[in-house]
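Readers should treat all values here as calculations from the given coordinates under stated rules, not as data from a laboratory. All of these numbers come straight from a predicted model, not from anything done at the bench. Neighbour counts run over all protein chains shown; Cβ positions are idealised from the backbone, glycine included.
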Amino acid sequence: MSDAQIFTPETLRFLRDLKANNSRDWFNDNKARYEAAWKAPAEAFIKAMCFRLQVETDTPHDAKLFRIHRDVRFSKDKTPYNTHLHILFRREGSKAGLFFGLQTDRLVLGSGMMGFDKGQLAAYREAVDDASGETLQRELGTLLESGGRMNDPDLARVPKPYDKIHPRSELLRRKSLTVWYDIDDPSHVERADLIDICAARYATYQPLSDWLNAHIPSATDRR
């Protein structure tokens, strides 16, 4: 059981102040706060969470800490910084990921694949269309019943050649597959048992990860 605080109230204070003052001048003046309240605890959390996931699954995990700097080249929103903290965890050999998102108003824990390439999308639809799709639908139903949510499907209509009244039409209209669990009190990130909270939620996503790994090829497998 984890009993060490990683994030402090200063993390959320920094994010909220950044949201109210999203400029390069403000950020440069508060660079020390960024290092101490955002970057350092995020790196410590990654180390602790990867260790916990490896212990629980007997498989190494790696992680990606997304940059606080926004890519504004193709965005109408030119604010230079993200006002959240996002981390992706992935088990060695897995195509599905585990997501950690600290926002100013909530903590979000998720799992799945953020997008399928052309070959992966074809394989996903084939699997949803056959008996494997029934298994996926049951697993997703369990996650939603336990408080999970899914974003709206990407397509308005079922893609051809599938029946427009297909029993899993909602799944066929997706180009990605993710499930999210919101904790509406973001100060949960300051709890000493944060690792336990995340590990317990991530464990519920294992059937979804198993399904995706079984049915979705690697990006270079199919075209």
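Quick notes on this structure:
Here is a yes/no grid of residues against (1) free of Cβ contacts under 8 Å to residues at least 40 places away in the same chain; (2) more than 30 Å from residue 60 (Cα to Cα); (3) among the β-branched types (Val, Ile, Thr); (4) in contact with an Asp or Glu (Cβ under 8 Å, 6 or more places away or on another chain):
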position: 113; (1), (2), (3), (4): no, no, no, no
position: 116; (1), (2), (3), (4): no, no, no, no
position: 136; (1), (2), (3), (4): no, no, no, no
position: 141; (1), (2), (3), (4): yes, no, no, no
position: 159; (1), (2), (3), (4): yes, yes, no, no
position: 165; (1), (2), (3), (4): yes, yes, yes, no
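- Residues (surrounded by 14 or more Cβ atoms within 10 Å (Cβ to Cβ) and small (Gly, Ala, Ser)) located in the stretch 64-118: 94, 96, 97, 101, 110, 111, 112
- Among the residues of the stretch 128-153, those that are surrounded by 13 or more Cβ atoms within 10 Å (Cβ to Cβ) and farther than 23 Å from residue 203 by Cβ comprise 128, 129, 133, 153.
- The one condition in (1) in contact with a strand residue (DSSP E or B) (Cβ under 7 Å, 6 or more places away or on another chain); (2) farther than 30 Å from residue 24 by Cα; (3) of a type outside the set (D, E, K, R); (4) not in a loop (DSSP other than H, G, I, E, B) that residue 86 fails to fulfil: (2)
- One residue stands out in the stretch 1-52 among those that are surrounded by 17 or more Cβ atoms within 10 Å (Cβ to Cβ) and small (Gly, Ala, Ser): the one that is nearest to residue 107 (Cα to Cα), namely 42.
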